[in-house]
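Take a look at the structure set out below.
The values are calculated or read from the model by the stated rules, or taken from the named source; none is laboratory data. As the structure is a computational prediction, the values presented were derived from the model and not from experiment. We place every Cβ from the backbone using ideal geometry, glycine too, and count neighbours over all the protein chains shown.
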Amino acid sequence: MKLIIGSDKSGFTLKEAIRAYLDEQNIPYEDMGTQHPEAPKPFFEVAPMAAKMLQADPTRQAVLICGTGMGMAQVATKFAGVLAACCESVYAARMCRAVNNSNALCMGGWVIGPEMGVEMVKAFLKTSHTEGLEEWRQAFLIKAAETVRQIDLDHRKGDGHV
């Protein structure tokens, strides 16, 4: 699995802390930018590039960082199959995978410190869908994921879900 990471200028410092952790752990990743704070890419350019990569390979995951995480999440979720979650805690980062099967963790560089951000990435990467949940909840969430996928498809076709 090769991770996708990206940030705008507001998320650059946090992205660099996460890159250092990934390098230290020999976790492969592709950095969509911002590469240097003096030449920033806006969130609305980074998020679509990462989202298209997630669409091309559904086994991949992404970590996207802007000022609050919300801009990245809002843009990334516009792409079919991308389930982006804006998180502000390790618990939320773990549960967005376990419960919602999110494939993109979005964080805010103005909100999350480097150490917390690294811990959130660790939780996000090591957690699988339904991991650690009761059997009845696992079955419910697997069915829920199918329903959510159908809602997304219906909405994209214009079949009434607004």
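Selection of the stretch 39-48 for residues being under 13 Å from the mean Cα position of the chain (by Cα) and surrounded by fewer than 18 Cβ atoms within 10 Å (Cβ to Cβ) yields only PRO48. The set of residues from the stretch 1-30 being of a type in the set (Gly, Ala, Ser) and more than 15 Å from the chain's Cα centre (by Cα) comprises SER10, ALA17, ALA20. Of the candidates GLU24, GLU88, GLU38, the single residue that is among the acidic types (Asp, Glu), at pLDDT 95 or above and over 18 Å from THR127 (Cα atoms) is GLU24. For the stretch 122-160, taking the residues that are surrounded by 13 or more Cβ atoms within 10 Å (Cβ to Cβ), outside the structural domain of ASN101 (by TED's automatic domain parsing) and of a type in the set (Lys, Arg), the one that is modelled with the lowest pLDDT is identified as ARG149.
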